[in-house]
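One structure below.
The values are calculated or read from the model by the stated rules, or taken from the named source; none is laboratory data. Quick caveat, the model's predicted, so the values are computed rather than measured. Don't worry about glycine lacking a Cβ; one is built from the backbone with ideal geometry, like all the others, and counts go over all protein chains shown. Just the protein is used for accessible areas: all its heavy atoms, side chains included, with ligands, DNA and RNA removed. Shrake-Rupley method; radii C 1.70, N 1.55, O 1.52, S 1.80 Å.
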Amino acid sequence: MSIAVAVISDIHGNVWALESVLQDIRRRGIDCIVNLGDSLYGPIEPYSTAKILMCEKIISISGNQDRIILESIGETNIHQTMRYVLEDLDAQSVEWIKLDCQQ
């Protein structure tokens, strides 16, 4: 028995692209999705992107940008995009990133 696996990465908060890719993955009958990280950092929709990734039960690992989000919490001298990301994410999304960074 074979298992069909889809690998995604570098979403960078682009929820619209993620939704499109997931729709195609479902259409193809893929059994498992693995996300290689760099999911939320970007000026589009980090919160909405996090919610989809958490709800879809996608296996996710942390990318360098995901770790940088965690390192930036509480910092005052950060890039405007990072400020937007941190303001957009909720506590549940941050905890989800922490879990990915520990794996």
Practice item. Positive end of the charge dipole of the chain (Lys, Arg +1 and Asp, Glu -1 on Cβ, about the Cα centre): tell me which of Pro46, Thr81, Ile61 has its Cα farthest that way. Key: Ile61
Review point. What GluC sites (Glu not before Pro) in the range 31-103 are in a loop by DSSP, with at most 11 other Cβ atoms within 10 Å of the Cβ?
Key: Glu75
Check your understanding: With the Cα gyration tensor of the range 1-54 giving a ≥ b ≥ c as the square roots of its eigenvalues, does the rule (a/c under 1.5 for rounded; else a/b larger than b/c for prolate; else oblate) give rounded, prolate or oblate?
Key -> prolate
Practice item. Assign one of three labels to the chain, namely rounded, prolate or oblate, based on the Cα gyration tensor with a ≥ b ≥ c the square roots of its eigenvalues; rounded applies when a/c is under 1.5, prolate when it is not and a/b is larger than b/c, and oblate otherwise. Key: prolate
Practice item. Quote the charge dipole size of the chain about the Cα centre in Debye, to the nearest 20; the model charges only the Cβ of Lys and Arg (+1) and of Asp and Glu (-1). Key: 320 debye
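At most 16 other C-beta atoms within 10 Å and a DSSP loop state: those are the exposed trypsin sites (Lys or Arg not before Pro) I care about. Give me the longest piece of the chain that has none.
58-103
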Check your understanding: Tally Lys/Arg at +1 and Asp/Glu at -1 over every other residue whose Cβ is under 10 Å from the Cβ of Ile52; what's the total?
Key -> -2
**Study point:** Amide H within-cut-off set for Asn35, under 5 Å, with H built and near neighbours excluded
**Key:** Ile8, Ile59, Ser60, Ile61
Review point. Largest first, what is the accessible-area ranking of Ile52, Ile97, Ile68 with a 1.4 Å probe?
Key: Ile68, Ile52, Ile97
